Structure formats: C-alpha cells, structure tokens
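This report refers to the structure that appears directly beneath it.
Nothing in this text is a laboratory measurement; each read-out follows from the coordinates by a stated rule. Every value quoted in this text rests on a predicted model; they were computed, and no experiment measured them. With ideal geometry, Cβ positions are generated from the backbone for all residues, glycine too; neighbour counts draw on all protein chains shown.
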Amino acid sequence: MKNYSAILLFAGVLTAFASCKKSYLDEKPYSSYTPLTVTDSLGMEASAIGLYNLETGILTYSSAQGWPSVWQVGTDVANATAQQQGIEVPYYNYALLTSTDGAASYIWSKYYALINNANIIIDNAENPANTKLGPVGKKQVEAEAKFFRAYAYNNLVTLFGKVPLTDHALTAPKTNFTRASLDDLNALIVSDLTYASTNLSDLNAGTSKTNAQGKPVGRANKYMAMQLLAEAYLRIGKNDLAEQQAQTIINSGKFSLIKARYGVRAAGAGDYYSDMFVYGNERRAQGNTEAIWVLEQENPSVVVGGNVDNAQQRRVWGAAYYAVPGMLPCDSLGGRSIARLRLSNWVLYGLYPQGDLRNSENSIKRQYYYNDPAFPALLGKKVPFAGADTLFRICPSTTKWGAFDPNDTFGYAMIKDFMMMRLGETYLLLAEAQFKQGKTADAAASINVLRTRANAPQVTAAQITLDFVLDERARELIGEENRRQTLMRTGTLVDRATRLNSNDAVHPTSGLAAKNMLLPIPLSEIQLNKDAVLEQNPGY
C-alpha cells in the first residue's frame, strides 16, 4: 500500500510539472550585481578596474606565445627566429596574411570588449536616474571609461581604418554593423580624450603612492589622455594641436627625464637609463619621474590576482642563452628567455651612434659569459658567437624585459610592469608634430633633449626628417612601443620594413604590399554580421 501511494504521488508531481508553462524555468533573481545594474560608487569602481584587467589581458596573452612578436617582426626593428611560435608568421611573410588571421581577429574582439565595458560605465554615469554618485564622482568614472574607449578606438582605427562605432553598451546580439567614417571615429576619440584630460585626476608633484584624489598612481590621469590625444592628432593630421598637447605635458612640471641612478639597483651594475626598466623602479611611486602610465603587475604567488595571464615579453625579447651548455638562467641575464624574435641588423649595426647610452651593454646585451659551476673549465669565459647561436641562443637583445624569479627558474611567466607611456616618448611626439609643421629647428631641439640624456651627438635642423624621428623612436623606445602600429600610423611600414629589414638570414620580410598598411577585417565578423555589409579592407 505504501508503494502504491508513492507511485501515485510521483505521478501527480509529474502531471503538475507537465502542466506548467515554460516560464516555470525562468530565473527570477532577487538581486543582481553586474556592470549593467551596478550604479553605486563601489560597483562603478569595480567596473572601472575591470578596464585595466581587460587591457592587461591583451598584453599578457599567452595562449599564442608569439603574440608580442606580432607587433615587432616584419617591421624595421625585428625578425622572427627559429623559435617562432606561429601567430607571428603572417607578419613577416605577408603573403600569408589573410582575413582569417588569428592575431587580427583576437585584437579586434578584445578592443571591442574593452569598448563595450567602457560604454556600460559611461551609460551608467550619464544616466540622470543614477543618483547614487555625485556629480564629481560621475565625471571621474566617466572620464576614466572615456579614456579607455578612446584608447581602444584609436588603436582600432590605426590598425583597421574605418570600423563600426558603438558609443552605447550592447545588451543583446547585433548583426547589422557598418563601418563608420574616419571623421566620425576621430570625432569620438577627440571628444573622449578632451573630456578625460579635463576631468581625470592630476598628479602630485612628488612620488607618493596616491594622487590628490587618493587613487593609486597606476590609475588614469589627465596626462595619459593628453599623450594619447597628441598621438591621435598626429594620425589625424592636426599637428599643431598635437604639439600643444605634448608641450602641456612637458611644461606641467609633473615629469622629468631620468638622469641619475635611482631605485633598487642604484648601487649595482647599470646606468640611469636602464634603471627605468628594472622591476621595482618602473612606477612613479618607486622613483620613476618619467612615468606617465605604468600598467602595474604583481606576482600572483604573492598577490592573488596580481596578473591576468602569463606575459611572454621576456621569453620573446630575450636571448635563449639557457640552451648553451655551461649557461644557467640568472638575474643578471634577465632570467630564462627563448628569443622568439631577434633585433634586426639595422638596429644592431646601423641605428645607434657611438657612445649612445641606450646602446650600452646595460640596455642591449651583446656579450655572455659561462656561469654554470658544473662546467668549471668554462666558468667565467666568454661565450663565443658560433653559427646559428648568434641568431637566437646568444643573440644581442634588449634588457628591458629582463626579470628573474628564483621560484620559477624555467621562466614561463614574466612578472613585470608595462611602461605604457613615459616622458621620453612625449618629446618624440612633440618632435614629430613640430617637423610636420616645418619647425625643423624646434624638432631638432626636442630630439636633442633625449640625445643629451643619452650622451649621443646633437642633431641639426637639416637632419630632421620623418625617417629621422622614427629612427630616434627606435633608439629610445625599442622593446617598449608597438612598432608595427607606429609605422602604420605614420604610413611608413612598407618603405621602412622593405628598405631596412628584408635581408634577414632566417625569416626575411617578404610579400609586404600597400594593402598591409591596414589589417584585414576578421572574416568571422563579416560572416556573423548577417543583416548588413561589413566591408573588407582592399586587397584581402
């Protein structure tokens, strides 16, 4: 009887479920904590921090370990080595660069994710119904989000040309995107950066850990917006306005070029230029008076969530000396690297004048000495350059990404800050803006500020050309700037990569054509956009 009753009860339950509508399965959360609904100060702050997380994820992407090489090889400054990983191949063998390219698709999707997250914050800040934030708080969080939106759009326009413009958050699938005009895109970028430079926080004159609003100095400040605006104006062709932005930063009194030893390695080997790139010295709070924007990273074994992914910059840029018998990874050699790229012959043998501090052994490592006690007969002797070894095992390499973790001698990940903007580049943006207005004497003076710091010979107005400015950018910013993007912005990629870097012994630049001044619009985006035509860039 009990079994019979149980069966009847179960059958009744099944009948009740069967008679319910599908709405029975609809979720009815009694609270929601997402960027779309969070409008208080803590929620908006968390959303803003998420923008830094997204940008860090782009820089530290490790699933394709050759990711940093994409932006350097096949330009004028670097070549892939036998240690290439794969994603970078179409960026020196340009005949293989097609609309299905993985790197182009990845950066497109990541920048649009950054844009949409910024739009969520901006929409919430501009919503009159949001009374949880005061007018000052709204302006500050909106300015921070607008900086990142402009940053993403400026990069997209440089890389792809005309792209879809979305200035409000997407809350549902959209399949009818069209490419906006450059005028409309540039107007949004300039508007966002003008707002950001007006409403973002200032910096204290010193090196305290927080700014005037009590925020960490790693957060967005008005000078970041000015620097990006100067770059955007140069791309647009408004060179006088670019000059104004750069001059404002330089004349602010908040920054100064590093000209003396400082920080954690001040008493050790090195010089004041290379000191800037030592982990523990890169941040403004650590004494780097040149820092405008440093994207700060922490060792996740010490600070949970201190890094988003496993950054590959050290492994890409440094020599693979660990593969030479008699050599061990160590701190003085920057830890274990793989050399997925090598500096071009033009950089190594034709770029730097004699005595230039930026070409010293402290900044470009050229000599290696056996250091493994297990090889006593070799210990302390110079490692010879022999055949293929010079191409990646002990190839000359920049020390800017060197970092050693004794707990990770294999060195898969790199824990180091990203120097996103510094005053050295401000002078170069200024010189470019001055040259493009015909102010060659002023441009020479701006460049000579950096050359004086580097103990390099002074230049004259007669020597200043766009090529010279780009040469000086390589001298000052090798390993820091996105070289591909700089050459695309200035329209010089084809000429400089072909003229200066088409004779590499292993992976020479080949197939480079005018169409490669822009990247292909990802085919997947075109195919998913079923309700409108998303045009492809010419030639792809």
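What is the ratio of the Cα radius of gyration of the chain to 2.2 N^0.38 Å, where N is its residue count, to two decimals?
Computed over Cα atoms of the chain, the ratio equals 1.08.
For residue 374 and residue 167, FRET efficiency with R0 = 51 Å and r from the beta-carbon atoms, rounded to 0.05?
0.25
By a straight-distance test (C-alpha under 17 Å), which aspartates and glutamates pair with residue 132 as possible cross-link partners, with residues fewer than eight away in the same chain excluded?
Answer for residue 132, where 17 Å is the Cα cut-off: 40, 45, 123, 142, listed by chain and number.
Which whole-angstrom value gives the distance between the alpha carbon centres of segment 283-297 and segment 348-395?
So the two Cα centres are separated by 29 Å.
By counting other Cβ atoms within 10 Å of each Cβ, how are 255, 392 ranked from fewest to most?
Going from sparsest to densest Cβ surroundings: 255, 392.
Using 27 Å as the Cα-Cα cut-off, could you pick out the over-long pairs in 222/416; 139/174; 222/259; 222/365?
Exceeds cut-off: 139/174; 222/365.
Stretched out fully, how many nm does the piece from residue 354 to residue 304 gain, at 0.36 nm a residue minus the Cα gap?
Answer, rounded to one decimal: 13.5 nm.
Which one, 43, 134, 527, is farthest towards the positive end of the dipole of the chain when Lys and Arg carry +1 and Asp and Glu -1 on their Cβ?
So the residue furthest toward the plus end is 43.
Pairing the Cα long axis of helix 135-160 with the longest principal axis of the chain, what angle in degrees results, from 0 to 90 and rounded to the nearest 10?
Once rounded, one gets 60 degrees.
Across segment 115-132, in residue order, what do the Karplus-derived ³J(HN,Hα) couplings come to in whole Hz, using 6.51 cos²θ - 1.76 cosθ + 1.60 with θ = phi - 60° and x for Gly and Pro?
5, 5, 5, 5, 4, 4, 5, 5, 4, 5, 5, 8, 6, x, 6, 7, 9, 7
Show me, for segment 280-286, the HN-Hα J-couplings you get by feeding each phi into the Karplus relation (A = 6.51, B = -1.76, C = 1.60, θ = phi - 60°), rounded to Hz, glycine and proline as x.
x, 10, 7, 8, 4, 5, 9
How large is the dipole of segment 312-398 about the Cα centre if only Lys and Arg carry +1 and Asp and Glu carry -1, each at its Cβ, rounded to the nearest 20 debye?
Value, rounded to 20: 200 debye.
Dipole of the chain, Cα-centred, from +1 at each Lys and Arg C-beta and -1 at each Asp and Glu C-beta, to the nearest 20 debye?
Charge dipole, the chain, about its Cα centre: 460 debye, nearest 20.
Segment 246-279 to segment 512-540: how many Å between their Cα centroids?
If you average the Cα positions of each part, the centres end up 42 Å apart.
Could you list which residues have their amide H under 5 Å from that of residue 369, counting only those 5 or more apart in sequence or on another chain, with H placed in the peptide plane?
Here 383 satisfy the definition.
Treat the count of other C-beta atoms within 10 Å as a stand-in for reagent exposure and order 277, 418 from fewest to most.
418, 277
If each residue's Cβ is checked for other Cβ atoms within 10 Å, how do 531, 101, 442, 202 rank with the fewest at the top?
Result, fewest neighbours first: 531, 202, 442, 101.
Whole-Hz ³J(HN,Hα) for each residue in segment 62-78, computed from phi via Karplus 6.51 cos²θ - 1.76 cosθ + 1.60 with θ = phi - 60°, x for glycine and proline: what do you get?
Taking θ as phi minus 60°, the curve returns 10, 4, 10, 5, x, 3, x, 5, 3, 8, 10, 5, x, 9, 9, 10, 8 Hz for segment 62-78.
Can you give the FRET efficiency for residue 41 and residue 295, using 1/(1 + (r/R0)^6), R0 = 25 Å, r = Cβ-Cβ distance, to the nearest 0.05?
Here the calculated transfer efficiency is 0.60.
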